[in-house]
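Down below is the structure, laid out as structure tokens.
The values are calculated or read from the model by the stated rules, or taken from the named source; none is laboratory data. As the structure is a computational prediction, the values presented were derived from the model and not from experiment. Glycine gets a Cβ as well: all are built from the backbone with ideal geometry, and neighbour counts include every protein chain shown. We work out accessible area using only protein heavy atoms, side chains counted, and drop any ligands, DNA or RNA first. Shrake-Rupley method; radii C 1.70, N 1.55, O 1.52, S 1.80 Å.
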Amino acid sequence: MFSLNSNYLKLKAGYLFPEIARRVQEFITTNPSQADHLIRCGIGDVTEPLPLAVREAMHVAVDEMGSRSTFRGYGPEQGYDFLRRAIQQSEYAARGIPIAEDEIFISDGSKCDGGNILDILGAHPSVALMDPVYPVYVDTNVMAGHTGNAREDGSYEGIVYLECTPENHFIPSLPQRRVDLIYLCYPNNPTGAVASHQALRAWVQYAREHQALLLFDAAYEAYIQDKTLPHSIYEIPGARQCAIEFRSFSKKAGFTGVRCAFTIIPKELLALSATGEKKPLHALWHRRFTTKFNGVSYITQRGAAAIYTPEGAAQVQALLDHYIGNAAILREAVIAAGLTVYGGVHAPYLWVKSPQGETSWQTFDRFLHDYRIVITPGSGFGRAGEGYFRISAFNSRENILEVVKRLSSC
Ligand code: MLT
């Protein structure tokens, strides 16, 4: 008989967010009258309408599709020039970062790109991950067969876990042993921590010295408030030789349901072939894109490009101000409730210490039952997340103020 990918059998029961959804559904089933009172601060999903400039651009694009002369069929798999150019100019050239238009690959999401990137890398890389960590990095490496089995505590054999704690400001120490792949995410999901130039310089230096690859997830860069902090790994000299960057319109412009993101692969980024030659990854990713992907829809890419117009940029800023304003309100409320909080300043996530003696899932259950607030248990992000929980600031202002009210009875 044909066989399955046994690596999938190593995965722990469920992906974190479906598991939260299951528990919330169970609560609603046993407490139907409470369903309308639930406030969801669990998964980081945007709640506010798409910016007007985005919607208008999409409407125009829809109309273009209605006329033979402007109709579009298959587009360039790696993205239309108009969007790649807008990204190149606004996200990189404007900051003095040397990225070429054809080093930008438009996709339907960073989650997909983060998993798919493993297709073009060698078969058995050693992998280092921050702990706590966005679970997609872990699970995609398990699926690809880069790990051993799961341990009792949920960690996987073979992965190098880099602990992120308040003591190290959630910036882990360099790995004790050499690794091939290092996943970094700043501003960080889930801790809300942000990395300085100095911190990122150490990682670029490590990667250059050890011929390792940095997979840099910058999905939340738009939330950085301090103008001196880096938005891109390519602000660090030498990063073009050792890093891939993932960016997304999901949290920046409210695109979680629209789907549009991009990944940068610099042409100088080389990896070793089986015969020991150094070859550019750019060509492989391009090949993968043109073979396995037909590109993001024209309508979506027109919507994404609109965020780089003056009106679009102002509307996106208003959206970001809304969510980061929510985070500031939540921070104050959590502190007033006597809890210890991290993050929530340069990121839409607050990382909160569970009250003494409570596990993350116990706090989750208590918040669900006593306050009808859905949070994310820290242990869902890894062993070092135990004893913490994450609150997402993606919500309406009305809901955030209601959370504040409920927390005041904490
Ligand atoms: C989260 O809540 O961690 C994110 O929304 C998940 C994601 O971006 O896929």
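Return yes when Asp153 is in contact (Cβ under 8 Å) with a residue 60 or more places away in the chain, of a type in the set (Asp, Glu), part of a loop (DSSP other than H, G, I, E, B) and more than 16 Å from the ligand (Cβ to nearest atom) and no when it is not.
Yes, satisfied.
Regarding Arg84, is this residue open to solvent by less than 50 Å² (accessible area, probe 1.4 Å) and basic (Lys, Arg)? The answer is yes for Arg84.
For the range 45-59, taking the residues that are assigned to a helix (DSSP H, G or I) and either under 11 Å from Ala304 (Cβ atoms) or not acidic (Asp, Glu) (or both), the one that is nearest to the ligand (Cβ to nearest atom) is identified as Val54. Has the range 99-120 got any residue that is closer than 24 Å to Asn189 by Cα, more than 20 Å from the chain's Cα centre (by Cα) and more than 16 Å from the ligand (Cβ to nearest atom)? So far as the range 99-120 goes, no, none of its residues is closer than 24 Å to Asn189 by Cα, more than 20 Å from the chain's Cα centre (by Cα) and more than 16 Å from the ligand (Cβ to nearest atom). Tell me, please, whether a residue that is of a type outside the set (Val, Ile, Thr), surrounded by fewer than 18 Cβ atoms within 10 Å (Cβ to Cβ) and over 18 Å from the mean Cα position of the chain (by Cα) can be found in the range 179-189. Checking the range 179-189: not a single residue is of a type outside the set (Val, Ile, Thr), surrounded by fewer than 18 Cβ atoms within 10 Å (Cβ to Cβ) and over 18 Å from the mean Cα position of the chain (by Cα).
Residues checked against (1) part of a helix (DSSP H, G or I); (2) more than 18 Å from Glu245 (Cβ to Cβ); (3) touching a Leu at 6+ places or on another chain (Cβ under 9 Å):
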position: Gly73; (1), (2), (3): no, yes, no
position: Phe82; (1), (2), (3): yes, yes, no
position: Pro98; (1), (2), (3): no, no, no
position: Asp102; (1), (2), (3): yes, no, no
position: Asp113; (1), (2), (3): yes, no, no
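Among the residues here, His169 qualifies as open to solvent by 40 Å² or more (accessible area, probe 1.4 Å), at pLDDT 95 or above and either among the polar types (S, T, N, Q) or at positive phi (or both).
Are any of the residues in the range 205-213 in a loop (DSSP other than H, G, I, E, B), at pLDDT 95 or above and of a type in the set (Gly, Ala, Ser)?
Checking the range 205-213: at least one residue is in a loop (DSSP other than H, G, I, E, B), at pLDDT 95 or above and of a type in the set (Gly, Ala, Ser).
Reported count of residues in the range 46-65, each being open to solvent by 70 Å² or more (accessible area, probe 1.4 Å) and either touching a Lys or Arg at 6+ places or on another chain (Cβ under 9 Å) or of a type in the set (Val, Ile, Thr) (or both), is 3.
Tell me which strands (runs of 3 or more DSSP E) are completely within the range 225-304 and hold 2 or more residues being in contact (Cβ under 8 Å) with a residue 40 or more places away in the chain and open to solvent by 40 Å² or more (accessible area, probe 1.4 Å), or say none if there are none. Write out each step before concluding.
Numbers: elements: 243-248, 261-264, 270-272, 278-280.
Output list is empty.
Scan the range 311-318 and tell me whether some residue there is under 19 Å from Arg40 (Cα atoms) and free of Cβ contacts under 8 Å to residues at least 40 places away in the same chain. No, every residue in the range 311-318 fails to be under 19 Å from Arg40 (Cα atoms) and free of Cβ contacts under 8 Å to residues at least 40 places away in the same chain.
A single entry from Val62, Val142, Val138 fulfils the requirement of being within 30 Å of Ala384 (Cα to Cα) and either more than 16 Å from the ligand (Cβ to nearest atom) or assigned to a loop (DSSP other than H, G, I, E, B) (or both): Val142. Residue count for the range 235-250, restricted to those that are more than 8 Å from Val204 (Cβ to Cβ), in contact with a strand residue (DSSP E or B) (Cβ under 8 Å, 6 or more places away or on another chain) and not acidic (Asp, Glu): 7.
Could you grab me the full set of residues in the range 301-320 that are of a type in the set (A, V, I, L, M) and over 21 Å from Pro76 (Cα atoms)? Passing the criteria: Ala313, Ala314, Val316, Ala318, Leu319, Leu320.
So that you can scan it fast, the table gives a plain yes or no per residue for (1) outside any loop (DSSP other than H, G, I, E, B); (2) open to solvent by less than 50 Å² (accessible area, probe 1.4 Å); (3) in the same structural domain as Asn189 (by TED's automatic domain parsing); (4) more than 12 Å from the ligand (Cβ to nearest atom):
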position: Arg22; (1), (2), (3), (4): yes, no, no, yes
position: Gln25; (1), (2), (3), (4): yes, no, no, yes
position: Thr29; (1), (2), (3), (4): yes, no, no, yes
position: Ala35; (1), (2), (3), (4): yes, yes, no, yes
position: Ile43; (1), (2), (3), (4): no, no, no, no
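Scanning the range 231-267 for residues that are within 14 Å of the ligand (Cβ to nearest atom) and aromatic (Phe, Trp, Tyr) turns up Phe246, Phe249, Phe255.
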